[in-house]
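Student: Structure in C-alpha cells, see below.
The values are calculated or read from the model by the stated rules, or taken from the named source; none is laboratory data. Worth saying up front: this structure is predicted, and the values here are computed from it rather than measured. Because the Cβ atoms are built from the backbone with ideal geometry, glycine has one as well, and the counts that use them run over all protein chains shown.
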Amino acid sequence: MEKIFIVGLGRMGQGIGRRLAKYGHKVGGFDIDKKSREVASQHFSVFDSLSQLKEFFDGRKVVWLMVPHSVVDDAIRDILPYLSEGDIVVDGGNSYYKESQRRYKELKEKGVYFLDVGVSGGVYGEELGYCLMVGGDKEAFDFVEPILKDLSYEGKGYAYLGSSGAGHFAKMVHNGIEYAIMEAIGEGFELLKESGFNYDLKEVARIYNTGSVIRSWLMELVQKSFEEFGELEDIKPYVEDTGEGRWTTLEAVDFGVPVPVIALSLFMRFRSRQNNSFRDRLLAVLRYQFGRHSIKRDE
C-alpha cells in the first residue's frame, strides 16, 4: 500500500483517487472548491488545508497534481513549503511539455523530483484504468510505479518514456491524433447524413464497430452519442480546443514535420465557432462522452 496526496479534485482527480483507494492505497486530497472536497471525502481522506499535507505522510511524499495547466505553477508554489528533499511531484494534467521541463529544473534545484505524466482514458479511466505516459527521472518513476500500475489499464497501460517532458510531449501528440480521428469521423458521418439514403446513423456506427477495420473506442462513443442525443438537432456545433492540438501543430512547425491532417482538424475546430455544422455537433457530444466536457445547446 502506497500513500498519495492529490491536489485538484475535479472529475479526473476524483476518479484517480477513487481508483487508488479501491486498490488499497491510502489517498489524501485537497481542492480549493468546498463542494469538490465534500464529494471526494465520501471515498478517501480530504483536507481543508494544504498544510495538512505534511501530516498525511510518515515518509517520502508523493503529491499528484490534477489541475488545469494554467495553475500548475500556483499549485507547486502552494505545496512547496510542505515538501522535503527526495519528495515527488507528479503533474497528471495536460501541461505543455516545455513548461514541465522548466518545472523539473526548478524543483530539481530544491531536491524535489518532478514527473510529467500524460493521462488518457477520460471519465471511464476510473473503472477501466488509464493510459499513463511518464517523463522524468527513472528513480522517481520506479518509486511511484506501484501507483501507476494500479491506475493503469489492465495493469500494463503505463510506460516510462524518457527524460523530463517526454510524458507530456507524448500526450500532446496523442491528443493531436485524437483531434484528427474525431474530425474524420465527423466528416464521414456528415456525408452519410447528406447522402439521401436516410441512414439510421447509430446503426451505421454499430456496424462500423462490428468487425470493421475502423472499429474503435471513439466509434463506440459515436454509437453511444446517437443513442443518447438522437440526430443531434439541439446540439450547438461549437467545438472547443484545450491547447494540445495547437501545441502539436506548433511543435510540428518548429521541427519541420508535416502534420497536415492534425493541423486541419485544429482549424476545423476554429471553423466550428463560425458556421453551423453537423460534424461539429458530433464532435461536441464525443467530447462529452469521453471526458464529460460541457456541451452547448441551441436555444
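Student: Give all pairs with beta carbons closer than 9 Å in which a residue from the stretch 230-253 that is not assigned by TED's automatic domain parsing to the domain that holds residue 264 meets a residue that is of a type in the set (S, T, N, Q); count only pairs at least 6 apart in sequence or on separate chains.
Tutor: none
Student: Just the residues that are hydrophobic (A, V, I, L, M, F, W, C) and under 14 Å from the mean Cα position of the chain (by Cα), please, taken from the stretch 145-176.
Tutor: 151, 169, 170, 172, 173
Student: Report yes if some residue within the stretch 188-208 is at positive phi and among the small types (Gly, Ala, Ser); otherwise report no.
Tutor: yes
Student: Taking residue 267 as meeting all but one of (1) closer than 23 Å to residue 131 by Cβ; (2) modelled with pLDDT under 95, write down the number of the exception.
Tutor: (1)
Student: May I pose another question? For the structure I just gave you, tell me whether residue 245 is under 17 Å from residue 284 (Cα atoms), surrounded by 18 or more Cβ atoms within 10 Å (Cβ to Cβ) and not β-branched (Val, Ile, Thr).
Tutor: On the way: under 17 Å from residue 284 (Cα atoms): yes; surrounded by 18 or more Cβ atoms within 10 Å (Cβ to Cβ): yes; not β-branched (Val, Ile, Thr): yes.
Yes: the conditions hold for residue 245.
Student: Given the residues 70, 84, 95, which is the only one that is part of a helix (DSSP H, G or I) and out of contact with any Pro (no Cβ under 6 Å at 6 or more places or on another chain)?
Tutor: Matching residue, one of 70, 84, 95: 70.
Student: Also, quick follow-up: One residue is enough: does the stretch 263-273 have a residue meeting the conditions in contact (Cβ under 8 Å) with a residue 12 or more places away in the chain, closer than 21 Å to residue 231 by Cα, over 18 Å from the mean Cα position of the chain (by Cα) and not in a helix (DSSP H, G or I)?
Tutor: Yes: the stretch 263-273 contains one or more residues that are in contact (Cβ under 8 Å) with a residue 12 or more places away in the chain, closer than 21 Å to residue 231 by Cα, over 18 Å from the mean Cα position of the chain (by Cα) and not in a helix (DSSP H, G or I).
Student: Residue 150 versus (1) in a loop (DSSP other than H, G, I, E, B); (2) in the same structural domain as residue 135 (by TED's automatic domain parsing); (3) of a type in the set (Asp, Glu): which is the lone unmet condition?
Tutor: Single failed check for residue 150: (1).
Student: Which condition number in (1) assigned to a loop (DSSP other than H, G, I, E, B); (2) hydrophobic (A, V, I, L, M, F, W, C); (3) at pLDDT 95 or above is the one that residue 295 fails?
Tutor: (3) is the only condition that residue 295 fails.
Student: Given (1) at pLDDT 95 or above; (2) within 17 Å of the chain's Cα centre (by Cα), identify the lone condition not met by residue 105.
Tutor: Checking residue 105 against (1) at pLDDT 95 or above; (2) within 17 Å of the chain's Cα centre (by Cα), the one that fails is (2).
Student: Tally the residues that are at pLDDT 95 or above, part of a helix (DSSP H, G or I) and either surrounded by fewer than 17 Cβ atoms within 10 Å (Cβ to Cβ) or of a type in the set (Asp, Glu) (or both), restricting the search to the stretch 35-67.
Tutor: 4
Matching residues to (1) over 15 Å from residue 7 (Cα atoms); (2) basic (Lys, Arg); (3) not assigned by TED's automatic domain parsing to the domain that holds residue 8:
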{"residue": "78", "(1), (2), (3)": "no, no, no"}
{"residue": "83", "(1), (2), (3)": "no, no, no"}
{"residue": "86", "(1), (2), (3)": "yes, no, no"}
{"residue": "91", "(1), (2), (3)": "no, no, no"}
{"residue": "103", "(1), (2), (3)": "yes, yes, no"}
{"residue": "107", "(1), (2), (3)": "yes, no, no"}
{"residue": "111", "(1), (2), (3)": "yes, no, no"}
{"residue": "118", "(1), (2), (3)": "yes, no, no"}
{"residue": "125", "(1), (2), (3)": "yes, no, no"}
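Student: For the stretch 100-126, which residues satisfy the criterion of being of a type outside the set (Phe, Trp, Tyr) and touching a residue at least 60 places away in the same chain (Cβ under 8 Å)?
Tutor: Of everything in the stretch 100-126, those that are of a type outside the set (Phe, Trp, Tyr) and touching a residue at least 60 places away in the same chain (Cβ under 8 Å) turn out to be 100, 101, 119, 122, 123, 125, 126.
Student: Continuing with the same structure: Which members of the stretch 206-240 meet the condition of being surrounded by fewer than 16 Cβ atoms within 10 Å (Cβ to Cβ) and assigned to a loop (DSSP other than H, G, I, E, B)?
Tutor: Scanning the stretch 206-240 gives 210, 211, 212, 213, 214, 215, 216, 230, 231, 233, 234, 240.
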